[in-house]
Every structure is written in C-alpha cells, then in structure tokens.
1. Could you tell me the largest-minus-smallest coordinate of the C-alpha atoms of segment 1-67 on each of the three principal axes, in descending order and whole angstroms?
2. Quick one: work out the % antiparallel among DSSP beta bridges in segment 224-376, nearest 5.
3. In the structure displayed, which of K106/K246; K2/K365; K53/K365; K7/K319; K115/K170 lie more than 32 Å apart, Cα to Cα?
4. Let me know the whole percent of all Cα-Cα pairs from segment 131-182 that are separated by more than 16 Å.
5. Ranked highest first by average number of other Cβ atoms within 10 Å, how do 13-22, 84-93, 322-331 line up?
6. Express as a percent, rounded to the nearest 5, the fraction of DSSP beta bridges in the chain (both residues included) that run antiparallel.
7. Report the Stokes-Einstein translational diffusion coefficient (µm² s⁻¹, integer) for segment 1-141, Rh taken as the Kirkwood radius over Cα pairs, at 10 °C with viscosity 1.306 mPa s.
8. Which of the peptides 266-277, 113-124 is most tightly packed, and how do the rest follow, going by the mean number of other Cβ atoms within 10 Å of each residue?
Amino acid sequence: MKFTLEKKDTQTKARTGTLTTDHGVIQTPIFMPVGTAGTVKAVHQRELKEDVKAQIILGNTYHLYLRPGLEILEKAGGLHQFNGWDRPILTDSGGYQVFSLAGTRKINEEGVTFKSHIDGSKHVFSPEGVMDIQRTIGADIIMAFDECTPYPCEYGYARKSMEMTHRWLKRCIDRFDSTEGKYGYTQTLFPIVQGSVYKDLRKQSAEFIAEQGREGNAIGGLSVGEPAEMMYEMTELVTDILPSDKPRYLMGVGTPANILECIALGVDMFDCVMPTRNARNGMLFTSEGIINIRNEKWKEDFSPIDPAIGNYVSSFYSKAYLRHLTISKEILAAQIASIHNLSFYLWLVGQAREHIQAGDFAFWKDQMVKKVSARL
C-alpha cells in the first residue's frame, strides 16, 4: 500500500491524498460504507460502485468469522471473490464487537473468550488468531486486535486496557510480518490508538503507535458515547502526533458534521453504520439538512429527495413516494434510503476534497456543518 499526500489546507489541518492498494486507488478524505456480514445492507455491489461511488468498503471480522465462516471464505478465494467486490476492502479486528458483547465475554492477556450471539457457542480471539482470520478474509487493510474501552471509563482501567492493547499490537505485528497473504495480493496492517478520553493516555498511545512505523494508523475508542467536543479534542491531540505522511483512520465516526470537523483536524478515513442504519429507520441526510421521511410534511412533497448530490435515486424518486414506501414498510424504502444516504456521505467527502484543493475548505466547512446539522 502506498499513500501520497497531495494538498494541505492552510487554515485547518485538512489534507487530500491518494491511497493505492492492489485492488485500486482511494482518494482521501474518504468515507467507507460498512458491509458487516459481507454486504452493505440493502445495496447491490453495482449500486455501490455506480450510484454510491464507494471506493472502499468494510467487512467485519467477528461476523464473517461466525458466518459464513473461514472455510467458506477460503474456498471462495477470500471476501472479494465471495461478494464480488473488486475494489479495496478493510476489515476491523472484532475488538469493537467484543466490546459490545460485555455480558458474554472475558478479557485476559491471552485474548478474549466470548459466546457467539448466534448460537451461544464459545470462541477465543487472540492477537495471533485475529491476524490469521483477517489473512483468510483477505481484506487489503486489516486492523490490529485491540480492546475498545467504554465511555465513561475509569482512568485506571483505561490505562491497563491501553497497555494491554499495545502488548497485543506487538503480537499482531509479529504474526502479520511472519505470514503471507493467501490470495496473491498484499495486505496492510493498521495499529489502533486507544486511551479513552484521557489526554496523557492518548498521547502515550499515539506515540507508541507512531513508533511502530506501519503504513497507516487508526484512532479507536471514540464515538462510544462521549460528547462531540471531547471526541474532537482527543482526535486533534492524536493527529498532531501520528505521522503526516501516513493515512489516519478515525473508526466508527460519525454524523456528517463529525466527519467535516474531523477532516479539519487531519483525519483521512472514516466509517460508520449511521447512513444505512438511519436510512432503514426513515432518517435521510441531505445537502440541505436532516429529513425524517415519516413526517406528515413530506406527504405531498413531489420534489426529488436531493438532486444536488447527482445520484440516480436521489434525483429520480420524490420525497412523497419514499414516505409512502416507508410508511407501507416496503423493502424498496430501505434500499432507496440506504443508497441515498451513502451517496450523500460519499458526495460530502468528495466536496471536502474539492474545497481543500481549491483552498477554501475552512469557509465551506463552517457553512456546511450548519446545513447538514439542521432538521428540516
């Protein structure tokens, strides 16, 4: 993997770059649709490419490990072959899913013992095991195994957890560097900065992660319930330490406003389930603000959903029609809304990129944050 830094904004820490992988080129800043179980929910791969214009998608190690399982994925030739997506894929390590299984998991130095949410069967994730699993899934970018701490979190716990994440990282690196990819293309390992919302821990973790000299770095453990201002503060602290010639990935973030603010802090890559999850519940993100399509006010609004973003579904279908489908619980509602929301997210980071390159990002960002946060 190769990252080329192209343009730095003069008024903020925003930047544009190009990330080159064996499955294609990614222009940053970028948003990555989340394909938890080998699919971005309710969206065909063709739509992801042609309508959403996704350049990279996510797979989830925990879910793919349980279903369809490693044997099927290996027989298929990896996730790219299995789901027919021929562009880059990133897999998370399962750390976040394990964090969300708080009631059914045990963490120790060796790794995590957890019960499957599907059938209650017992499994163990260790740093080495998670590297092997992600080799088999075959993503272009794979994540180190970490513990994602909750918010709020006591200082003592956050420190011990971070130190263990660092020890796990060393084991991930050793395993990753002593194994090969299975499908004839290269994979890249990103370490993850932890440390909850404590400045000294975040600083220590960012410095440790930077020292590892990997091709890219991630920031984890944010967007887990802490106030947005705290997220921004921790993000800025970390991006100031992580090397500027490597891509920076802020995991699990977030709202359109969160993404714009964090681009201004020097983040290059984002992912979040919000655009698809909210779409299925009738919440639309648009270039003018947020729409709850169930509201009565859209019942007779025959204007397109959002023609400004230049996407097929957003220009073709009316708000009134989408409201009708949503109220009627038609499956097409989830499809239209998911494609629209993802298209909007990709449009938004594409616009950010253009404005960074044009030199007027700061002014545009401030106007846009107000717009995309407004409830219509």
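1. Projected onto the principal axes, the Cα atoms of segment 1-67 cover 45, 26, 24 Å.
2. 60
3. The answer is K106/K246; K7/K319.
4. 48
5. 84-93, 13-22, 322-331
6. Counting only bridges with both partners in the chain, antiparallel ones make up about 55 percent.
7. 96
8. The most tightly packed comes first, giving 266-277, 113-124.
The values are calculated or read from the model by the stated rules, or taken from the named source; none is laboratory data. Since we're looking at a predicted model, the values are computed, not measured. Here Cβ is always computed from backbone atoms with ideal geometry, including for glycine, and neighbour counts include all displayed protein chains. Ligands, DNA and RNA are stripped out before the accessible areas are found, and what is left, the full protein with its side chains, is counted by its heavy atoms. Shrake-Rupley method; radii C 1.70, N 1.55, O 1.52, S 1.80 Å.
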